[in-house]
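Q: A single structure is presented below for examination.
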């Protein structure tokens, strides 16, 4: 019935729909993201400027919650702990992971089995990791008393109940969990290193150690950067490990900002203060992630 | 790398010494990684008297499975005394739909995103990428309100919604990064033949994407199963996931500490993701490293 011209027009509408279909398909999940990530960030940001306590109020007061936050010893301890925990965790996980990867790269016959052993902690939850280490490190029945019973009577390892040392226990458990992941990252990068360069260096008489330090490891700079960024942002998000391992104690000596936020928001009815601390966490993560993403995406675009 | 034996300085005493050094470091590391799981497993099989004797690193005198039975079905968590079992089931009920739905959405929107060539596509991509990195503390307060508003506060349904929403960024990027590496000729040829968006997706792209589907499922499952913050913030009592219940059991101070039951409970809570890791470790590693080579 329809003449050719009408049919052509119908086609073009379908065509156009077809052309915009990818956008239409991405739109719903993208809107979810905009609402549940960026909308919620805005919501938390606004609440952090109010005096909300048990219930959120939208009566903007200014930056008083941040002023309260910075005046609190509890926040001070949490942020200081983050600096200690974050730097040691990133440093040791990088060093151990990198070392294991280089060792595994030396034609080890049992490589598959060893890799599986080094990486399995990454598959279990922080709560389980915390539970295990809490048991091992408890002074009365754990490794301390075991060593003493073996005859090493002066052996002491009571960090987990020691105010000044508890945060280092968190470092130990976290490095145990994450170093295998760094190993996996480096190992897959090592497998892409050009063999001809290494062979040429060998023929020039360079030792294996020198080849690694002088040629191979410097060429892995991008992997160092990725691993650094991932570990650093994980350290800022760390929450469950502290809960299971020390529950922030003794006192609040081993709390991290994430634990502070939870405590204020859900236990003490200080929603405004909790929101302010969450914004501080976001700012810290953003300070690491945004420059990284920016340079990565730019490099992709121009390279 | 070249075969070590063909290299200068790679033979004789020095080579042997080097091998011994490498192997001893690797084995020490293996012992340190396996140590905690060995201690947890052996403690879970000991009876309390043996544990109080303080022989942490010793093997149990005899296999005693009573702590496992107690952890699974009798231990008291909060006011209920039927063990970890109901919470374990909560985690199963929570994980399966979260994993399936977020992977399906990710597969489709990741494909669509891989076709984007217009200006601003990069911004959408960057916004999604950043969404993978945010500390979830920033969303829990408004999310608690929203769940209450939707009438699904303190429910497994609420947790399914939360995990699905925050999983989409990851799954979309997994699939998007996979699809951009698929040769464009395939898509072009199919378009020439008159196949539309959904036909190409369904008949060409999805079958090709099998490995990344496995990666996405394993990643999401591990994340959702092991998650603690959402579970602790949005649920209480009977609707808690297994990680929260485990933490409550470990940190309960009401009765005599039964370390063997605690350790058995920890292993029960860890078992599903450990099994997945052992069966499909290769894909697990790919999921982890995909996070590092985004873009």
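The values are calculated or read from the model by the stated rules, or taken from the named source; none is laboratory data. Bear in mind the structure is a predicted one, so any value in this text is a computation, not a measurement. Because the Cβ atoms are built from the backbone with ideal geometry, glycine has one as well, and the counts that use them run over all protein chains shown.
Q: Output the residue which, of all residues in the stretch A:269-278 that are more than 7 Å from chain B (Cβ to nearest Cβ) and on the phi < 0 side of the Ramachandran plot, is surrounded by the fewest Cβ atoms within 10 Å (Cβ to Cβ). Write out each step before concluding.
A: Step one: filter the stretch A:269-278 for residues more than 7 Å from chain B (Cβ to nearest Cβ), giving A:269-270, A:272-273, A:276-277.
This time we only want the ones that are on the phi < 0 side of the Ramachandran plot, so: A:270, A:272-273, A:276-277.
Values: A:270: 21, A:272: 25, A:273: 27, A:276: 27, A:277: 30.
For the stretch A:269-278, the residue satisfying everything is A:270.
Q: Does at least one position in the stretch A:191-208 carry a residue that is facing chain B (nearest Cβ under 10 Å) and more than 29 Å from residue B:14 (Cα to Cα)?
A: Looking for residues that are facing chain B (nearest Cβ under 10 Å) and more than 29 Å from residue B:14 (Cα to Cα), one finds none in the stretch A:191-208, hence no.
For (1) modelled with pLDDT of 85 or more; (2) assigned to a helix (DSSP H, G or I); (3) over 28 Å from the mean Cα position of the chain (by Cα), each residue gets a yes or a no:
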{"position": "A:26", "(1), (2), (3)": "yes, yes, no"}
{"position": "A:32", "(1), (2), (3)": "yes, yes, no"}
{"position": "A:41", "(1), (2), (3)": "yes, yes, no"}
{"position": "A:45", "(1), (2), (3)": "yes, yes, no"}
{"position": "A:57", "(1), (2), (3)": "no, no, yes"}
{"position": "A:62", "(1), (2), (3)": "yes, no, yes"}
{"position": "A:65", "(1), (2), (3)": "yes, yes, no"}
{"position": "A:69", "(1), (2), (3)": "yes, yes, no"}
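Q: Checking the condition surrounded by fewer than 21 Cβ atoms within 10 Å (Cβ to Cβ), closer than 27 Å to residue A:290 by Cα and modelled with pLDDT of 85 or more, which residue from B:121, B:126 passes?
A: Details: B:121 fails: modelled with pLDDT of 85 or more.
Among B:121, B:126, only B:126 is surrounded by fewer than 21 Cβ atoms within 10 Å (Cβ to Cβ), closer than 27 Å to residue A:290 by Cα and modelled with pLDDT of 85 or more.
Q: Being assigned to a helix (DSSP H, G or I) and surrounded by fewer than 21 Cβ atoms within 10 Å (Cβ to Cβ): is that true of residue B:149 here? If you could, list the steps in order and put the result at the bottom.
A: Details: assigned to a helix (DSSP H, G or I): yes; surrounded by fewer than 21 Cβ atoms within 10 Å (Cβ to Cβ): yes.
Here the answer is yes, as residue B:149 does meet what is asked.
Q: Just a yes or no: is a residue in the stretch B:145-166 farther than 21 Å from residue B:100 by Cβ, more than 20 Å from the chain's Cα centre (by Cα) and facing chain A (nearest Cβ under 10 Å)?
A: There is at least one residue in the stretch B:145-166 that is farther than 21 Å from residue B:100 by Cβ, more than 20 Å from the chain's Cα centre (by Cα) and facing chain A (nearest Cβ under 10 Å).
Q: With respect to the numbered conditions (1) on the phi > 0 side of the Ramachandran plot; (2) in a helix (DSSP H, G or I), which one is the sole condition not fulfilled by residue A:107?
A: (2)
Q: Going through B:264, B:270 one at a time, which residue ends up being within 9 Å of chain A (Cβ to nearest Cβ) and either modelled with pLDDT under 75 or crowded, with 21+ Cβ neighbours inside 10 Å (or both)? Full working, then the answer.
A: Values: B:264 fails: within 9 Å of chain A (Cβ to nearest Cβ).
Exactly one of B:264, B:270 is within 9 Å of chain A (Cβ to nearest Cβ) and either modelled with pLDDT under 75 or crowded, with 21+ Cβ neighbours inside 10 Å (or both), namely B:270.
Q: Can you list residue pairs whose Cβ atoms sit under 7 Å apart, with the first residue in the stretch B:8-36 being at the interface with another protein chain (Cβ under 8 Å from one of its Cβ atoms) and the second being at pLDDT below 90 and assigned to a loop (DSSP other than H, G, I, E, B)? Count only pairs 6 or more apart in sequence or on different chains.
A: Listed by first residue and then by second, the contacts come to B:8/A:205; B:9/A:207; B:22/A:106; B:26/A:108.
Q: May I ask you to verify whether residue B:140 is at the interface with chain A (Cβ under 9 Å from one of its Cβ atoms), in contact (Cβ under 8 Å) with a residue 60 or more places away in the chain, out of contact with any strand residue (DSSP E or B) (no Cβ under 7 Å at 6 or more places or on another chain) and surrounded by 14 or more Cβ atoms within 10 Å (Cβ to Cβ)? Steps first, answer last, please.
A: Working: at the interface with chain A (Cβ under 9 Å from one of its Cβ atoms): yes; in contact (Cβ under 8 Å) with a residue 60 or more places away in the chain: yes; out of contact with any strand residue (DSSP E or B) (no Cβ under 7 Å at 6 or more places or on another chain): yes; surrounded by 14 or more Cβ atoms within 10 Å (Cβ to Cβ): yes.
Yes, satisfied.
Q: Are there any pairs, at least 6 apart or on different chains, whose C-beta atoms fall under 7 Å, with the first in the stretch B:53-67 and more than 9 Å from chain A (Cβ to nearest Cβ) and the second part of a helix (DSSP H, G or I) and at pLDDT 80 or above, and if so, which?
A: B:59/B:42; B:60/B:42; B:60/B:50; B:61/B:50; B:67/B:44; B:67/B:260; B:67/B:261; B:67/B:264
Q: Of everything in the stretch A:121-141 that's part of a helix (DSSP H, G or I) and under 14 Å from residue A:160 (Cα atoms), which residue is farthest from the other protein chains (Cβ to nearest Cβ)?
A: Step one: filter the stretch A:121-141 for residues part of a helix (DSSP H, G or I), giving A:121-123, A:126-137.
Next cut, under 14 Å from residue A:160 (Cα atoms) only: A:130-137.
Details: A:130: 8, A:131: 4, A:132: 4, A:133: 7, A:134: 7, A:135: 6, A:136: 6, A:137: 10 Å.
Looking at residues that are part of a helix (DSSP H, G or I) and under 14 Å from residue A:160 (Cα atoms), I get A:137.
Q: Any residue in the stretch A:227-239 that is more than 10 Å from chain B (Cβ to nearest Cβ), part of a helix (DSSP H, G or I) and more than 23 Å from the chain's Cα centre (by Cα)? Let's see the steps before the verdict.
A: From the stretch A:227-239, those more than 10 Å from chain B (Cβ to nearest Cβ) are A:228, A:231-232, A:235; that's our starting set.
Among the residues that remain, those that are also part of a helix (DSSP H, G or I) are: A:228, A:231-232, A:235.
So of that shortlist, the ones also more than 23 Å from the chain's Cα centre (by Cα) come out as none.
Checking the stretch A:227-239: not a single residue is more than 10 Å from chain B (Cβ to nearest Cβ), part of a helix (DSSP H, G or I) and more than 23 Å from the chain's Cα centre (by Cα).
Q: Could you say whether any residue in the stretch B:225-239 is touching a strand residue (DSSP E or B) at 6+ places or on another chain (Cβ under 9 Å) and either modelled with pLDDT of 90 or more or within 11 Å of chain A (Cβ to nearest Cβ) (or both)? Talk me through it step by step, then tell me what you get.
A: The first filter runs over the stretch B:225-239 and keeps only residues touching a strand residue (DSSP E or B) at 6+ places or on another chain (Cβ under 9 Å), leaving B:237-238.
From what is left, the residues that are either modelled with pLDDT of 90 or more or within 11 Å of chain A (Cβ to nearest Cβ) (or both) are none.
No, the stretch B:225-239 contains no residue that is touching a strand residue (DSSP E or B) at 6+ places or on another chain (Cβ under 9 Å) and either modelled with pLDDT of 90 or more or within 11 Å of chain A (Cβ to nearest Cβ) (or both).
Q: Another question, if that's okay. For the stretch B:69-90, state whether one or more residues are loosely packed, with under 15 Cβ neighbours inside 10 Å, assigned by TED's automatic domain parsing to the domain that holds residue B:242 and in a helix (DSSP H, G or I).
A: The answer is yes, given that some residue of the stretch B:69-90 is loosely packed, with under 15 Cβ neighbours inside 10 Å, assigned by TED's automatic domain parsing to the domain that holds residue B:242 and in a helix (DSSP H, G or I).
Q: Please work out which residue is surrounded by the most Cβ atoms within 10 Å (Cβ to Cβ), limiting yourself to the stretch A:136-165 and to residues that are within 23 Å of residue A:82 (Cα to Cα) and touching a helix residue (DSSP H, G or I) at 6+ places or on another chain (Cβ under 6 Å).
A: Among those residues, the one meeting the criterion is A:160.
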